[in-house]
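The values are calculated or read from the model by the stated rules, or taken from the named source; none is laboratory data. Not measured: the values here are computed from a predicted model. Every residue, glycine among them, receives a Cβ derived from its backbone with ideal geometry; neighbour counts consider all protein chains shown.
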Amino acid sequence: MEICVIGTGYVGLVAGTCFAESGNDVMCVDIDKSKIDMLNRGEVPIFEPELAELIERNREDKRLHFTTKLADAIVKSQLIFIAVGTPQNEDGSADLQHVVDVAEQIGKAMNDYKIIINKSTVPVGTAEKVRKTVAKYTNHPFDVVSNPEFMKEGAAVQDFLKPDRVVIGADNQKVADIMCELYAPFVRTENPILVMDILSAEMTKYASNALLATKISFINEIANLCERVGADVAAVRKGVGSDKRIGFQFLFPGTGYGGSCFPKDIKALIRIGEEYSYPMRVIKAVDEVNEAQKLILLRMIYQYFGNSLKGLTFGIWGLAFKPQTDDMREAPSIEVIKELLKAGAKVQAHDPAAMNAAKQLFGDSIVLMETNYEAITDADALIIITEWNEFRRPNFERMKQLMKQPVIFDGRNLYAPERLKEQGFTYYCIGRPKV
């Protein structure tokens, strides 16, 4: 099939590349010329495992192309995916300006029948808004489809190539059949393609992310209570997660969720509820718990050091909102660093992938170190915020020699408290009893 993907962020770039990998001819379009030039040089603007290799192979095989010429791509394509950003407005709602702008340009450039697919995360009713916008500018026939994406940053390529399910919102069988044919190569293990009405498909994306975010905030609430009553959240998690109805995924206590999806989608869902006079009480609580959880480590830090952090040096391991990505959007590390700097402390940090993003955010206000051990040299304490695998088995003896004080504030519960005590560390973690 001839496919146009508009937007080369995480969703658009991964989707376009994976569609090309299954044999389609794909044109990825973006208004950012510098990004398109970078991609045409074979450089990938985001860190995502396996993506660079797939882009290189499909570019060489002439199935994947990058351009700023939107009208040309629309004319040459049968399927047009909208994968532009939907940033958050001040009131929490999703800003659909980019989606509407693209819909207008599609309408103006159309030359025959097209299928227009919303891949961006958008509120319920957006497909109809796209339909009305396109219809203002063309007499050519077209259909609009909702096809929300469920891939995780850090595992996006595999999530797309081997999805748990594919959700397609379509209002006629002909379009649904074309979409099922497009996705058939990705579901050969019989994972389902779920065809439903458009409004339900749009709601499915928000409902899925809201439930996952709820699991994270729930276990964080339980962890905070465990700390107060003397229970161990690691044991509680095993007891709860072993229930097949619940499972262990997303049931990890920590410093809260971040990234480009959960924070934005939770607030957008709350706003949708307000627009339809239905208060999303559970979802509001999820959001409130998460905002408070981002600062949980600071409470521990003040508990240990007292009211003044001025002049202290903190080493930070992990800046991205999760491992296997360089994305720092809404990352808990941002709030922690801001508060430390505000308190007059010095921050020296390391992340395997997010150093450039951190440089853009903080400039010279923090010191970025090439290795995790350099980040704790002469530090009064270590703060662990992102659970990269390379942080799980460090040389504790070396750490003690490098640090001013053997103190660790672990926001991801990477280590066994008993072992850290044996190693001579003062160890704070989430929801586990002191030893």
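Residue selection: Glu50 satisfies the criterion of being in contact with a helix residue (DSSP H, G or I) (Cβ under 9 Å, 6 or more places away or on another chain), under 30 Å from Ile266 (Cα atoms) and surrounded by fewer than 16 Cβ atoms within 10 Å (Cβ to Cβ).
Residues that are charged (D, E, K, R) and touching a residue at least 24 places away in the same chain (Cβ under 8 Å) within segment 35-60 comprise Lys35, Glu48, Glu50, Arg57, listed in sequence order.
Of all residues in segment 281-305, those satisfying the criterion of being surrounded by fewer than 18 Cβ atoms within 10 Å (Cβ to Cβ) and farther than 19 Å from Gly411 by Cα are Arg281, Val282, Lys284, Ala285. On the basis of being touching a strand residue (DSSP E or B) at 6+ places or on another chain (Cβ under 7 Å) and within 17 Å of Phe47 (Cβ to Cβ), does Ala349 make the cut? Here the answer is yes, as Ala349 does meet what is asked. The set of residues from segment 365-400 being free of Cβ contacts under 8 Å to residues at least 60 places away in the same chain, out of contact with any helix residue (DSSP H, G or I) (no Cβ under 9 Å at 6 or more places or on another chain) and over 20 Å from Leu297 (Cβ atoms) comprises Thr371, Arg393, Glu397, Lys400. Within segment 286-313, the residues that satisfy the criterion of being touching a residue at least 60 places away in the same chain (Cβ under 8 Å) and hydroxyl-bearing (Ser, Thr, Tyr) are Tyr304, Thr313. Taken over segment 185-235, the criterion of being touching a residue at least 40 places away in the same chain (Cβ under 8 Å), closer than 24 Å to Asn24 by Cβ and crowded, with 17+ Cβ neighbours inside 10 Å is satisfied by Phe186, Ile198, Ala201, Lys205. The set of residues in segment 85-111 that are of a type outside the set (A, V, I, L, M) and either touching a strand residue (DSSP E or B) at 6+ places or on another chain (Cβ under 9 Å) or crowded, with 16+ Cβ neighbours inside 10 Å (or both) comprises Gly85, Thr86, Pro87, Gln88, Gly92, Ser93, Asp95, His98, Gln105, Gly107. Determine, yes or no, whether Lys244 is part of a loop (DSSP other than H, G, I, E, B), within 19 Å of Val367 (Cα to Cα), over 23 Å from the mean Cα position of the chain (by Cα) and not aromatic (Phe, Trp, Tyr). Answer is no for this residue. Consider Ser277 carefully, then state whether it is modelled with pLDDT under 95, surrounded by fewer than 21 Cβ atoms within 10 Å (Cβ to Cβ) and small (Gly, Ala, Ser). When the stated conditions are applied, Ser277 does not pass them.
Against the conditions (1) touching a Lys or Arg at 6+ places or on another chain (Cβ under 8 Å); (2) closer than 20 Å to Ala320 by Cβ; (3) not basic (Lys, Arg), Ile266 satisfies every one except (1).
Only one entry in Met399, Met355 is modelled with pLDDT of 95 or more and touching a strand residue (DSSP E or B) at 6+ places or on another chain (Cβ under 6 Å), namely Met355.
If you check Cys28 against the conditions, is it within 19 Å of Thr121 (Cβ to Cβ), free of Cβ contacts under 8 Å to residues at least 40 places away in the same chain and surrounded by 15 or more Cβ atoms within 10 Å (Cβ to Cβ)? For Cys28, the condition - within 19 Å of Thr121 (Cβ to Cβ), free of Cβ contacts under 8 Å to residues at least 40 places away in the same chain and surrounded by 15 or more Cβ atoms within 10 Å (Cβ to Cβ) - is met. Within segment 170-219, the residues that satisfy the criterion of being assigned to a helix (DSSP H, G or I) and of a type in the set (Lys, Arg) are Lys174, Lys205, Lys215.
For segment 337-354, the criterion of a residue being assigned to a helix (DSSP H, G or I) and either assigned by TED's automatic domain parsing to the domain that holds Leu225 or under 17 Å from Tyr304 (Cβ atoms) (or both) is satisfied by at least one position.
The residue that is farthest from the chain's Cα centre (by Cα), counting only those in segment 78-108 that are in a helix (DSSP H, G or I) and among the polar types (S, T, N, Q), is Gln105.
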